[in-house]
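Okay, so here's the structure we're looking at.
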Ligand SMILES: Nc1ncnc2c1ncn2[C@@H]1O[C@H](COP(=O)(O)OP(=O)(O)OP(=O)(O)O)[C@@H](O)[C@H]1O
Ligand SMILES: [Mg+2]
């Protein structure tokens, strides 16, 4: 099982949007995918109603509730959610900082081994507490970078933190950087994108990126992947499929190229 943490030193860059939509895309592409939310402000369970909304989630699992009762199955049989659950708000600082060593996350990962192909983890912004725990226990990290001035600083910041964690097991590697909220019609975001393409090694920056798109605001307000917004999913849905497709070989989920032609007629 690959464990992919979505991390960023900066808030509001589209982590949760990417996590939810990428999890949905991977599941739709056939991978058994679990989406874990370790952000106390978590948005992953937003769309859940009824009993699922009451699910004990990750906080409940930490408090000793069996994992089976905490996992939330979805209509897509390959997608399972583990929302953050009921946070002990009076105690949230201790709750968060006690995740920083990665030990409990590692225990959860062990419990999910063999049942999932990919575990995606949505994290709070910053590189402390639960996010540091994810950096210490994940196999791979994905860094969403908003296409705006100064945002590229997030990359060396994350790399510096990674360099200090080399002896943790398994040491997570930065799988890729995804540009988010890119506006084509404005000069500044485009120049940031260009700077990223020039500065970063080719393999690090994903070719696929997330454009600024109002459908994503509507979908994230409802807490659903954009592909479930209506009977005819908005065009931006395909972006997450492309990101998933680009990540699969990097995650060892598929061969680098799958160019065997499918016969038109059997
Ligand atoms: N590509 C996009 N186009 C338009 N709006 C977007 C896009 N991505 C995210 N948003 C909106 O921006 C806001 C922040 O996005 P999101 O919650 O995904 O960021 P985040 O990095 O998870 O934030 P936080 O650090 O608070 O957890 C949300 O209102 C979301 O709907
Ligand atoms: Mg978020």
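The values are calculated or read from the model by the stated rules, or taken from the named source; none is laboratory data. Keep in mind that this is a model prediction, so the values were computed, not measured. Please note: Cβ atoms are built from the backbone with ideal geometry, for glycine as well, and neighbour counts cover all protein chains shown.
Being within 16 Å of ligand 1 (Cβ to nearest atom) and closer than 24 Å to residue 106 by Cβ is the filter; apply it to region 45-82 and report the residue that is modelled with the lowest pLDDT. Once the filter is applied, the top-ranked residue is 45.
Mind checking which residues of region 1-33 are near ligand 2 (Cβ under 10 Å from one of its atoms) and touching a helix residue (DSSP H, G or I) at 6+ places or on another chain (Cβ under 9 Å)?
To start, the set of residues in region 1-33 that are near ligand 2 (Cβ under 10 Å from one of its atoms) comprises 6, 8, 11-20.
Answer for region 1-33, where residues must be near ligand 2 (Cβ under 10 Å from one of its atoms) and touching a helix residue (DSSP H, G or I) at 6+ places or on another chain (Cβ under 9 Å): 6, 8, 13, 14, 16, 17, 18, 20.
On the stretch given as region 14-25, residues that are farther than 14 Å from residue 141 by Cβ and within 6 Å of ligand 1 (Cβ to nearest atom) total 3. Condition first: under 20 Å from residue 21 (Cα atoms), in contact with a helix residue (DSSP H, G or I) (Cβ under 9 Å, 6 or more places away or on another chain), within 16 Å of ligand 2 (Cβ to nearest atom) and touching a residue at least 24 places away in the same chain (Cβ under 8 Å). Can you find one or more residues in region 246-266 that meet it? Looking through region 246-266, none of the residues is under 20 Å from residue 21 (Cα atoms), in contact with a helix residue (DSSP H, G or I) (Cβ under 9 Å, 6 or more places away or on another chain), within 16 Å of ligand 2 (Cβ to nearest atom) and touching a residue at least 24 places away in the same chain (Cβ under 8 Å).
Of these, 22, 46, which one is outside any loop (DSSP other than H, G, I, E, B) and in contact (Cβ under 8 Å) with a residue 40 or more places away in the chain?
Details: 46 fails: outside any loop (DSSP other than H, G, I, E, B).
When all the criteria are applied, what remains is 22.
So is residue 36 over 23 Å from residue 97 (Cβ atoms) and within 16 Å of ligand 2 (Cβ to nearest atom) or not? Against the criterion (over 23 Å from residue 97 (Cβ atoms) and within 16 Å of ligand 2 (Cβ to nearest atom)), residue 36 does not qualify.
Scanning region 91-143 for residues that are over 14 Å from residue 172 (Cα atoms), part of a helix (DSSP H, G or I), in contact (Cβ under 8 Å) with a residue 60 or more places away in the chain and within 16 Å of ligand 1 (Cβ to nearest atom) yields one hit, 130. The residues on offer are 85, 42, and the sole one that is more than 13 Å from residue 119 (Cβ to Cβ), buried (at least 19 other Cβ atoms within 10 Å of the Cβ), under 17 Å from the mean Cα position of the chain (by Cα) and modelled with pLDDT under 95 is 42.
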